[in-house]
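K.L.:
Please read through the structure below; I'll follow up with questions.
The values are calculated or read from the model by the stated rules, or taken from the named source; none is laboratory data. Only a predicted model underlies this, so the values are computations on that prediction, with no experimental measurement involved. No Cβ is skipped: glycine too gets one built from the backbone with ideal geometry, and neighbour counts run over all protein chains shown.
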Amino acid sequence: METFAQSLVSGLLMGSLYAMIGIGLTIIFGVMRIINLAHGEMVMLGMFAAFFSQKLLGIDPFLSVLLLTPAMFVLGVAIYWLLLRKIIPGGELNTLLYTAGMSLLVANVALLAWSGDYRTISLSYGLAPMRPLGIAIPAALAIAFAMAAAITVALWLFLSSTDTGRAIRATSQNREAAILMGIDVERVALFTFGLGTALAGAAGALLAPSLYLYPTVGELLVVKSFVIVVLGGLGSVPGAIAGGLLLGVVESLGAVYVSATYKDGLGYVLFLLVLLYRPTGLFGVGKS
Amino acid sequence: MGWVGGAVAVAVLPILVRNTFFLHVAILVFMWTVLGAAWNVLGGFAGQVSFGHAALFGIGAYTTIILFLKGGLAPWWGIPLGGLVAALASVPIGLICFRLRGPYFSLATLAVAELAKLAALNWEWVTNGPIGFLITTLPSLTVLGRRVDWEAKTPFYVIAALLMAFAILSTAWLRQSRLGAYLVAIREDEDAAEAIGIDTVRAKVVTLGLSAFLAGLGGGFYAFYFRYVDPDAVLNIGLSMEMVFIAMVGGLGTVVGPLIGAIFLTTVGEAVREHFQVGHLIFYGLFMMIVIRFLPEGIWGKVRSVLPGMRAVRHGAP
Amino acid sequence: MRKLASPKWALLLTVGLAAPASAQSLKIGAPQPMTGPDAPFGDKFKKAYSMAIEEINAAGGVNGRPLEIVIEDHQAKNALAATIAEKLITQGKVLVLTGGRASGQAMEIASVAQRLKTPYLVDHPSADMITTKGFEWVFRNNPTGSIYPSAFDSFVVEYPNAMPRSAAVVYDNTLFGKTIATAVMKFLKSKNVPIVADEAYPVNTLDFKPIMTKVKGTSPDFLLMVAVATTDAILLTRHAKEIGIDARAFVGFGGGFGVADFASQLGPLAQNVFSSASWSGNPNDPKTKALYEKFHAKYGIWPHEHEVEGYAAIFIIADAMKRAKLTGNLDADRDEIRRALAATDMTTVFGKVKFGNWTGPTGDPFTNQNIYSPEQSVLAQWRDGQLLNVWPKAFAETALVFPDPGTKR
């Protein structure tokens, strides 16, 4: 029983961070129908930004989220404005391939600049895990979970109560209707891409103290994030949250009860099954 | 005319050029042309973007090397069998993935390729897991009364050239066949194609079969020439991306495109690697972005549309 | 010290600082990963080779001729390693090859070297297969994956009460991880030690807590961890301790368990963890100490396994070249060097070197494998942030601590 509880908790904690990565990807898809293969690299940049702000400026990585979220937003807007905007009219597949190229470029430039040496962020307060009820919870992961939850709540409020937020949801639901309602969908797209990128960067900063950083970590993460958004339903924020938590738990329980070797395989199989039989996601809230 | 000239040049090259490294590069170009053509058949002609073609390449490589090391079957039989096994494997893959359209199809191929790699790493009784297989000696063969010297480049050059010729010819055949016409329709608008009575599933599955056969041939040749196969070498996503790159840069939907793409990748890639100390992946990423933005029809596509005297380029003509 | 890969355009490195590179120089070729994720390792070898060559050339070279090393980037890709090996042999006209770094690439280089009749001295790659295929042109100085655990094996047999009552083995599903795990498990099984957990994980796993949760459930007496990636080594240990595994010994196999970051990242969690490596450096030995100081003075970092292996390899090659009768005919010279290598009998900083044909722990016969490799396996232990050799006794810098003081067993 203790094993089960431990792996469940571990899975939920990791899953919350996966969820944050997935949210960024899913809102971009919802509004622009772009599958952004470079999303993993955005997370990687967030991780490195947190690392360097600790190393060079002495800022705690969790605090650095406050700084780098706006910075990543600007980056996202720049990428959309300067690069993607001209590619999107060329069609879904062209855009997909373009983001694939972008992903290769960013990851490998990072590799050149920062070398393949892994890096870790160590926190003075992070060494011993907390042990409520005998279940080990690493401090860094717990803080990350709390902040991820807070950011998600803030995002939800933004999407439901502000004009821009509502415009994003409207465009995501039905682009033509939104245009008819007078929404400047290009502006919305620009904003959303920035927002998605910012969320990815923030997720990276939160993840960094619990993992290790290397420039090609995006490869690993992007596949997971696609599994999440498909599970949860493309375009749905609650879906991404649920999908992230679900994937975290499946991987965790899978590693313990099935096999560590095949745990990634479980995710892929689940992914294929959902794509084939429930393209709107497990909860049926996605767009197809 | 151009074909004859090209064929003569290829045939004569190893006689004129004695430099073994140059021949090695030529062999690489031929192999990559086969792989680029494989992807082009599915991606350029049928418009189905696969990110998992390395799986088919890997199946071909493993088939050939296992048949040789465990079954004693000489690689020159093993290579076509590698292609065949890859083609057979592509049927269930296609039946699963073709239910999906556009980017969803692409993501599904990614998942399938990752599963293939996982299988290769863990099904040791088949693939020897991460240890892989190594060919130390090739069987002796006499052709026209002479023992083939496997230490020399020429025999491999010949085989690679023949494989390349096969790939190019089959692409050419596809283009002017009825299936090719169906694919154009499917690429433009799959629903409309269905509506006019084209069996799109069958067309896609057959095309994938041909694509897989070519990829498997490439894989089999890899096993034969490089002699060492392990999951990371033949099933990694980088390979899939290189195949996409060659086809795109060369010219999607053209017959000669993959050859141009392969030459470009091998020569410019080598030069970049040597002189700029830049990982060639930066080069791929950047070029992919540049090509999609400014040259979506690829190098060959652009050449055709620009050179006077060539017939007007239909979308998808060689 | 700048750790960035220098963005200069000439990747072809020519190091022959004591004398200008000329037709006179003796060329060594070394394919290494200079870009891509393995680049940090390639860099280590580059530094090590450079230092060795400088030293040799400063002392007059080999029979008056300077050594020159040509390093080319294979980006950790097998096919590219084969291409580069060919290039170095046919275009670069090198007399001998070394390097490779990872086993997959080394396999290709060995295959090419054997076919193109050029000697290849393996300095670091550990797959047993490289020297069990009967390649007479391939020589290896370092221990193979199956020989790696030798020190651990002798420890559990000879040290009082050290035979595990049960063992959990967690390893990465790579050539390296699999070979070592298989060798260790085979040995333990031969001593009737039950293996209560046999967990293979994919390299660069982000989260080991599920695996460690499962392992904890089996209550192992010893926890054996194998990791080819440093990051995995650190996370494995961290998560094992965080989940609260109680073992009499935590043993890590793999270079990552021996780097400075292991201790700095894990702090008190690293205390008393064993690290099995192919070389931990015996500072009792004045030559080792001198190397350490010199390397640190020149590059600002302390050398480990990789650097010492690369450094030693150059000296082995130089020794062979000294004894070989070189006439200027490339094919004949390569064969001469091969013969000279086969007759090697010397000691380097890394250890004694003599190549021979013998049967290894896997049961496969080795060709040209250093017969002293089993002696090079060493068990070290982390004490207060320092990695100290503890076994075999001849190399020990301090007394062994066992069982782990934190255990309740």
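K.L.:
What are the pairs, 6+ residues apart or on separate chains, where a residue within region B:134-150 that is farther than 23 Å from residue C:79 by Cβ has its Cβ under 8 Å from a residue that is assigned to a loop (DSSP other than H, G, I, E, B)?
P.N.:
B:140/B:148; B:141/B:74; B:141/B:148; B:142/B:148; B:147/B:140; B:147/B:141
K.L.:
Please go through (1) polar (S, T, N, Q); (2) under 16 Å from residue C:105 (Cβ atoms); (3) away from chain C (no Cβ under 12 Å) for residue B:240 and return the number of the only condition it doesn't satisfy.
P.N.:
Failing condition for residue B:240: (2).
K.L.:
Continuing with this model, one more query. Is it the case that region A:160-169 has a residue that's surrounded by 20 or more Cβ atoms within 10 Å (Cβ to Cβ) and either of a type in the set (A, V, I, L, M, F, W, C) or within 14 Å of another protein chain (Cβ to nearest Cβ) (or both)?
P.N.:
The first filter runs over region A:160-169 and keeps only residues surrounded by 20 or more Cβ atoms within 10 Å (Cβ to Cβ), leaving A:167-168.
Then drop every residue that is not either of a type in the set (A, V, I, L, M, F, W, C) or within 14 Å of another protein chain (Cβ to nearest Cβ) (or both), which leaves A:167-168.
Yes, region A:160-169 contains a residue that is surrounded by 20 or more Cβ atoms within 10 Å (Cβ to Cβ) and either of a type in the set (A, V, I, L, M, F, W, C) or within 14 Å of another protein chain (Cβ to nearest Cβ) (or both).
K.L.:
A follow-up question, please. Name the pairs whose Cβ atoms lie under 7 Å apart, with the first residue in region A:130-148 and modelled with pLDDT of 80 or more, the second among the β-branched types (Val, Ile, Thr), and 6 or more positions between them or separate chains?
P.N.:
Correct list of pairs: A:137/A:9; A:147/A:65.
K.L.:
Out of the helices (runs of 4 or more DSSP H) lying entirely within region C:302-409, which hold 2 or more residues that are more than 24 Å from residue C:146 (Cβ to Cβ) and in contact (Cβ under 8 Å) with a residue 40 or more places away in the chain? I'd like the intermediate steps shown before the answer.
P.N.:
Values: elements: C:305-323, C:330-342, C:373-376.
Counting at least 2 such residues, we get C:305-323, C:330-342.
K.L.:
Return yes when residue C:172 is more than 14 Å from chain A (Cβ to nearest Cβ) and in contact (Cβ under 8 Å) with a residue 12 or more places away in the chain and no when it is not.
P.N.:
Values: more than 14 Å from chain A (Cβ to nearest Cβ): no; in contact (Cβ under 8 Å) with a residue 12 or more places away in the chain: yes.
Here the answer is no, as residue C:172 does not meet what is asked.
K.L.:
Between a first residue in region B:259-278 that is without any contact (Cβ under 8 Å) to a residue 40 or more places away in the chain and a second residue that is of a type in the set (Val, Ile, Thr) and not in a helix (DSSP H, G or I), which pairs have beta carbons less than 6 Å apart while being 6 or more apart in sequence or on different chains?
P.N.:
Once the first residue is without any contact (Cβ under 8 Å) to a residue 40 or more places away in the chain and sits in region B:259-278, its partners that are of a type in the set (Val, Ile, Thr) and not in a helix (DSSP H, G or I) give B:272/B:278.
K.L.:
Can you name the residue in region C:251-261 that is more than 10 Å from every other protein chain (Cβ to nearest Cβ) and crowded, with 24+ Cβ neighbours inside 10 Å and is also nearest to residue C:221 (Cα to Cα) among such residues?
P.N.:
C:251
K.L.:
Follow-up question, since we're still on this one. Within region B:93-100, is there a residue that is under 28 Å from residue A:99 (Cβ atoms), in a loop (DSSP other than H, G, I, E, B) and within 22 Å of the chain's Cα centre (by Cα)?
P.N.:
Looking through region B:93-100, at least one residue is under 28 Å from residue A:99 (Cβ atoms), in a loop (DSSP other than H, G, I, E, B) and within 22 Å of the chain's Cα centre (by Cα).
K.L.:
Using beta carbons and a limit of 7 Å, which pairs, at least six apart or on different chains, have the first residue in region C:51-63 and over 17 Å from residue C:320 (Cβ atoms) and the second one in a helix (DSSP H, G or I)?
P.N.:
Between residues of region C:51-63 that are over 17 Å from residue C:320 (Cβ atoms) and residues that are in a helix (DSSP H, G or I), the close pairs are C:51/C:295; C:51/C:298; C:51/C:311.
K.L.:
Could you run through region B:271-305 and say how many residues are within 7 Å of chain A (Cβ to nearest Cβ), outside any helix (DSSP H, G or I) and at pLDDT 80 or above?
P.N.:
Here is the first cut: in region B:271-305, the ones within 7 Å of chain A (Cβ to nearest Cβ) are B:278-279, B:281-282, B:284-286, B:288-289, B:292-293, B:296.
Right, trim to outside any helix (DSSP H, G or I) and you get B:278-279, B:296.
After this cut, where a residue has to be at pLDDT 80 or above as well, the list is B:296.
Looking only at that region, the number is 1.
K.L.:
What pairs can you find where one residue is in region C:277-300 and over 22 Å from residue C:151 (Cα atoms), the other is modelled with pLDDT under 85 and of a type in the set (A, V, I, L, M), and their Cβ atoms are less than 9 Å apart, with a gap of 6+ or different chains?
P.N.:
Between residues of region C:277-300 that are over 22 Å from residue C:151 (Cα atoms) and residues that are modelled with pLDDT under 85 and of a type in the set (A, V, I, L, M), the close pairs are C:295/C:301; C:299/C:1; C:300/C:1.
K.L.:
Further question: Looking for whichever is of a type in the set (Val, Ile, Thr), touching a Gly at 6+ places or on another chain (Cβ under 8 Å) and more than 9 Å from chain C (Cβ to nearest Cβ) here; the options are A:269, A:258, A:250, A:217. Which one fits?
P.N.:
Working: A:269 fails: touching a Gly at 6+ places or on another chain (Cβ under 8 Å); A:258 fails: touching a Gly at 6+ places or on another chain (Cβ under 8 Å); A:217 fails: more than 9 Å from chain C (Cβ to nearest Cβ).
That would be A:250, the only listed residue that is of a type in the set (Val, Ile, Thr), touching a Gly at 6+ places or on another chain (Cβ under 8 Å) and more than 9 Å from chain C (Cβ to nearest Cβ).
K.L.:
Please indicate, with yes or no, whether at least one residue in region B:112-132 is more than 11 Å from chain A (Cβ to nearest Cβ), of a type in the set (Gly, Ala, Ser), under 25 Å from residue B:188 (Cα atoms) and assigned to a helix (DSSP H, G or I).
P.N.:
No; the residues of region B:112-132 include none that is more than 11 Å from chain A (Cβ to nearest Cβ), of a type in the set (Gly, Ala, Ser), under 25 Å from residue B:188 (Cα atoms) and assigned to a helix (DSSP H, G or I).
K.L.:
Could you list, in sequence order, the residues of region C:157-178 that are surrounded by fewer than 24 Cβ atoms within 10 Å (Cβ to Cβ), more than 19 Å from residue C:205 (Cβ to Cβ) and not β-branched (Val, Ile, Thr)?
P.N.:
C:158, C:159, C:160, C:161, C:162, C:163, C:164, C:165, C:166
K.L.:
Without any contact (Cβ under 8 Å) to a residue 24 or more places away in the chain, more than 25 Å from residue B:232 (Cβ to Cβ) and surrounded by fewer than 24 Cβ atoms within 10 Å (Cβ to Cβ) - does that describe any residue in region C:179-190? Talk me through it step by step, then tell me what you get.
P.N.:
Applying the first criterion (without any contact (Cβ under 8 Å) to a residue 24 or more places away in the chain) to region C:179-190 yields C:185, C:189-190.
Restricting the remaining residues to those that are more than 25 Å from residue B:232 (Cβ to Cβ) gives C:189-190.
Add one more test, that the residue is surrounded by fewer than 24 Cβ atoms within 10 Å (Cβ to Cβ), and what stays is C:189-190.
Taking every residue of region C:179-190 in turn, at least one turns out to be without any contact (Cβ under 8 Å) to a residue 24 or more places away in the chain, more than 25 Å from residue B:232 (Cβ to Cβ) and surrounded by fewer than 24 Cβ atoms within 10 Å (Cβ to Cβ).
K.L.:
Based on this model, can you work out whether residue C:273 counts as away from every other protein chain (no Cβ under 13 Å), more than 19 Å from the chain's Cα centre (by Cα) and crowded, with 23+ Cβ neighbours inside 10 Å?
P.N.:
Values: away from every other protein chain (no Cβ under 13 Å): yes; more than 19 Å from the chain's Cα centre (by Cα): yes; crowded, with 23+ Cβ neighbours inside 10 Å: yes.
Judged against the criteria, residue C:273 is a match.
K.L.:
Let me ask you something else. Just to verify a result, which residue in region A:210-223, among those that are part of a helix (DSSP H, G or I) and at pLDDT 85 or above, is nearest to residue A:286 (Cα to Cα)?
P.N.:
The first filter runs over region A:210-223 and keeps only residues part of a helix (DSSP H, G or I), leaving A:210, A:217-223.
Remaining after also requiring at pLDDT 85 or above: A:217-218, A:221.
Values: A:217: 27, A:218: 24, A:221: 21 Å.
It comes out as A:221.
K.L.:
Considering only residues that are under 20 Å from residue A:235 (Cα atoms) and either touching a residue at least 12 places away in the same chain (Cβ under 8 Å) or assigned to a helix (DSSP H, G or I) (or both), which ones fall in region A:269-278? Explain how you work it out, then say what you get.
P.N.:
Taking region A:269-278 and keeping what is under 20 Å from residue A:235 (Cα atoms), we get A:270-278.
Of everything in region A:269-278, those that are under 20 Å from residue A:235 (Cα atoms) and either touching a residue at least 12 places away in the same chain (Cβ under 8 Å) or assigned to a helix (DSSP H, G or I) (or both) turn out to be A:270, A:271, A:272, A:273, A:274, A:275, A:276, A:277.
K.L.:
Could you identify the single residue in A:99, A:3 that is farther than 19 Å from residue B:286 by Cα and either free of Cβ contacts under 8 Å to residues at least 24 places away in the same chain or of a type in the set (Val, Ile, Thr) (or both)? It would help to see each step written out before you state the result.
P.N.:
Details: A:99 fails: farther than 19 Å from residue B:286 by Cα.
The match here is A:3.
K.L.:
Follow-up question, since we're still on this one. The conditions are (1) within 14 Å of chain A (Cβ to nearest Cβ); (2) surrounded by fewer than 21 Cβ atoms within 10 Å (Cβ to Cβ), and residue B:93 fails exactly one of them. Which is it?
P.N.:
(2)
K.L.:
Among (1) of a type in the set (Val, Ile, Thr); (2) under 21 Å from the mean Cα position of the chain (by Cα); (3) surrounded by fewer than 24 Cβ atoms within 10 Å (Cβ to Cβ); (4) within 23 Å of residue A:143 (Cα to Cα), where does residue A:106 come up short?
P.N.:
Residue A:106 satisfies all of (1) of a type in the set (Val, Ile, Thr); (2) under 21 Å from the mean Cα position of the chain (by Cα); (3) surrounded by fewer than 24 Cβ atoms within 10 Å (Cβ to Cβ); (4) within 23 Å of residue A:143 (Cα to Cα) except (4).
K.L.:
Scan region C:262-291 for residues that are at pLDDT below 80 and either within 19 Å of residue A:210 (Cβ to Cβ) or of a type outside the set (A, V, I, L, M) (or both) and jot them down.
P.N.:
C:278, C:279, C:280, C:281, C:282, C:283, C:284, C:285
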